[in-house]
Every structure is written in C-alpha cells, then in structure tokens.
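Q: Structure provided below as structure tokens; questions to follow.
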Amino acid sequence: MKAIKCELCGSNDIVKNDGFFVCQYCGTKYSLEEAKKMMIEGVVEVSGTVRIDDTKQIENYRKLASRAFKDKIYEEAYDYYDKILQLNPDDWEAVYKKGISSSWQYSLADSKIDEAIKASKNAFDIIINILKITEESFMEQTKIAMASDMNVLAVSFGNMAMEHYKKNWESNTAAPLLWRNLRDCIDAEEYAMGLLSNKMVESNQTARALYMNILKNLVIHYCEICMQRKYRARCDEYGVSYANVCYNDDYRRMAIGKYNNIVAEIRKYESNYIATPIQNVKKHSSFKSLWK
C-alpha cells in the first residue's frame with residue numbers, strides 16, 4: 001500500500017472527515033472507495049473503452065481558479081483555468097477567465113487588453129455555436145459581467161498609463177506610449193459598450209448604470225488622448241509633437257467625433273451632464289515641419 005496523494009494538487013496532507021478523505025491544502029474530497037484505489041500499488045489492467053469523468057476535477061480547478069482570481073493572483077488563476085481547458089476545451093467560462101487573467105498581467109510595454117477581448121469573443125462562440133445556449137437572461141447576465149470586467153480593466157490600465165506620463169512627461173517616449181495605451185483602453189471600453197444592447201440599457205437598471213459608467217470613462221480617455229502633450233523635443237526645449245505612428249490628425253478628428261456622439265448619448269439620460277472639454281485639432285505655428 002502507498003500513502004494517499006491528492007490527485008489535484010499533489011499534497012499528502014489528507015484527513016478523514018465525515019466519511020470522506022479531505023485534502024487539507026485544496027479541499028478536494030475523496031470517497032472511501034476512491035481512497036482505496038489511490039492506495040493500491042502496481043498497475044491495474046483495464047480492457048474495453050473507459051470514459052473518465054473529469055467533472056469533479058474540473059470543479060476543483062474552478063474553485064482554485066476563482067479563489068486566485070478573487071485574490072488578484074492572476075498568474076495562478078491563469079494556470080488553473082488552463083488546466084480546466086486541458087480537460088474540456090469547450091468550457092466557455094475558462095476560455096474567458098483565462099483571457100482576462102492574462103490581461104490583468106499587463107504592463108505599459110504590453111497592455112494585453114486585446115487578449116481579454118479575444119477571449120470574450122471566443123467564449124461567446126462556444127456558447128452560441130457549440131453549447132447552443134440561447135436563453136435570453138443568461139446571455140444578458142453574461143454580457144453585463146463581461147462588459148463590467150472590460151471597463152474595470154480599461155480604467156485600471158488607463159490610470160496606470162496616465163500616472164506614468166505625469167511622472168515621465170519630459171521623456172521623448174512618454175507621450176507616444178500614453179497615446180498607444182489609451183487607444184487600447186478605448187478599444188476595451190468600446191467593446192464593452194457594444195455588449196450592452198439598447199434593449200438591455202432601457203430595461204435593465206444594472207446594464208444602464210454600467211453603460212453610463214463606460215460612456216463617462218470613454219469621455220475621460222478621449223479627452224486625454226486629444227490633449228496637447230508637451231515634452232522635450234528635437235525642435236525646442238519644450239515642444240509639441242503629434243508626428244508618430246500611434247497618433248495623427250485623422251485619429252484625433254475621429255476621436256473628437258466619437259467624443260461628441262458619446263456626450264450626446266449621455267445627455268439622453270442625464271440632461272444636465274457637463275462633459276470635460278476636449279481639445280480641437282490645432283497646429284502649433286512653431287512646429288509646422290512636424291506635421292505631414
């Protein structure tokens with residue numbers, strides 16, 4: 001006979017409790033029969049087709065993943081969701097949460113926000129095309145949850161990017177880095193906004209509150225991305241430059257147009273809403289050579 005070892009986490013700290021053998025590390029429970037099988041030494045030969053039920057193991061992984069995600073240990077959560085997908089590639093929740101866990105491991109050099117968006121789209125593809133789920137209330141709740149996740153992620157990353165710029169604005173790379181990161185935040189917020197249909201916003205109070213929050217965060221990010229940014233430039237000690245691959249006149253005009261549409265949308269629900277002013281497209285007379 002050999003000592004019992006938890007099949008999920010590998011711990012051998014297993015205690016019998018209320019007729020079950022319980023792993024003291026991860027909480028996995030084993031019945032008496034399961035424990036006996038785990039203590040048998042040698043190889044057991046089995047003939048015929050064997051179907052393994054991974055339901056218990058998947059749910060144990062899910063508990064560990066949820067705990068890690070709640071505690072903001074995103075690397076650990078990512079690993080547990082990945083383990084679920086190794087057992088069931090069509091687990092839509094694991095597909096989505098793995099992507100979100102990856103995105104929360106962002107950095108200014110690599111926002112990873114696009115991984116959350118891709119994960120959401122892949123999860124819906126499983127829900128609709130593989131699981132054939134069409135129940136309206138389930139879809140609404142799922143879309144609200146995902147939109148909320150995207151919004152929180154975008155706000156967190158956007159705040160970090162703006163704080164970095166404030167501390168390092170004199171660097172030649174500070175403004176382009178901020179513009180690129182704000183564009184990623186805007187992509188996530190616009191995706192979140194698209195998850196909330198007009199019907200949901202009109203009939204669901206939670207969806208409407210979230211929708212308004214997303215719109216107001218977009219206003220902030222559009223204003224930030226259109227703000228003139230000063231930093232040490234080659235043409236002057238303190239110059240203004242938009243000549244870079246991440247930001248240009250066309251994008252700026254598009255952002256201003258979206259800003260105006262979003263402010264109008266907010267005022268449909270809050271007529272007294274006062275929006276932060278957005279800067280119009282202006283060229284600085286001293287730096288015409290920088291504009292193409």
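The values are calculated or read from the model by the stated rules, or taken from the named source; none is laboratory data. Note that the structure is a prediction, hence the values are computed from the model and not measured. No Cβ is skipped: glycine too gets one built from the backbone with ideal geometry, and neighbour counts run over all protein chains shown. Please note that ligands, DNA and RNA were not included when accessible areas were found on the heavy atoms of the full protein model with its side chains. Shrake-Rupley method; radii C 1.70, N 1.55, O 1.52, S 1.80 Å.
Q: Please list the non-local residues whose amide H lies under 5 Å from the amide H of Ser11, H modeled 1.01 Å from N, same-chain partners needing a gap of 5 or more.
A: Cys6
Q: If you project the alpha carbons of region 120-181 onto the principal axes, what extent comes out on each, in Å, largest first?
A: Result, largest extent first: 53, 18, 10 Å.
Q: Take Asp125 and His164, extend 7 Å from each Cα along the Cα→Cβ direction, and tell me the distance between the two endpoints in nm.
A: 2.9
Q: For Asp54, what accessible surface area do you get with a 1.4 Å probe? Give it in Å², rounded to 10.
A: We get 40 Å² for Asp54.
Q: Right, next: Could you check how much of the accessible area of region 113-189 is carbon and sulfur, as a whole percent, using a 1.4 Å probe?
A: Carbon with sulfur: 51 percent of the solvent-accessible area.
Q: While we're on this one: Rounded to a whole number of µm²/s, how large is the Stokes-Einstein D of region 54-196 at 4 °C and 1.567 mPa s, given Rh as the Kirkwood radius over C-alpha pairs?
A: Here the translational diffusion coefficient equals 81 µm²/s.
Q: Another one. Short version: ³J(HN,Hα) in whole Hz for each residue of region 116-131, in order, from phi by Karplus 6.51 cos²θ - 1.76 cosθ + 1.60 (θ = phi - 60°), x for Gly and Pro, what are they?
A: 5, 5, 4, 5, 4, 5, 5, 5, 5, 4, 5, 4, 7, 8, 9, 7
Q: Does region 124-225 come out rounded, prolate or oblate by the C-alpha gyration tensor, with a ≥ b ≥ c the root eigenvalues, rounded set by a/c under 1.5 and, if not, prolate when a/b is larger than b/c and oblate if not?
A: Prolate, because a/c is 1.5 or more and a/b exceeds b/c.
Q: Setting aside same-chain residues fewer than 8 positions from Lys167, which aspartates and glutamates have a Cα under 17 Å from its Cα?
A: Within the straight-line cut-off, Lys167 pairs with Glu224.
Q: Here is a follow-up. Could you tell me which residue out of Ala175, Ile214, Ile186 lies farthest along the dipole of region 123-232 toward its positive end? Charges go on the beta carbon: Lys and Arg +1, Asp and Glu -1, centred on the Cα centre.
A: Most positive-ward Cα: Ala175.
Q: Moving to a separate point now. Accessible area of Glu59, 1.4 Å probe, to the nearest 10 Å²?
A: Ignoring ligands and nucleic acids, Glu59 comes out at about 80 Å².
Q: Rounded to the nearest 0.05, what FRET efficiency do Ser197 and Met254 give with R0 = 25 Å and r taken as the Cβ-Cβ distance? Could you check?
A: That gives a FRET efficiency of 0.55.
Q: Probe 1.4 Å, all protein chains in place: accessible area of Trp104 in Å², nearest 10?
A: The accessible area comes out at roughly 60 Å².
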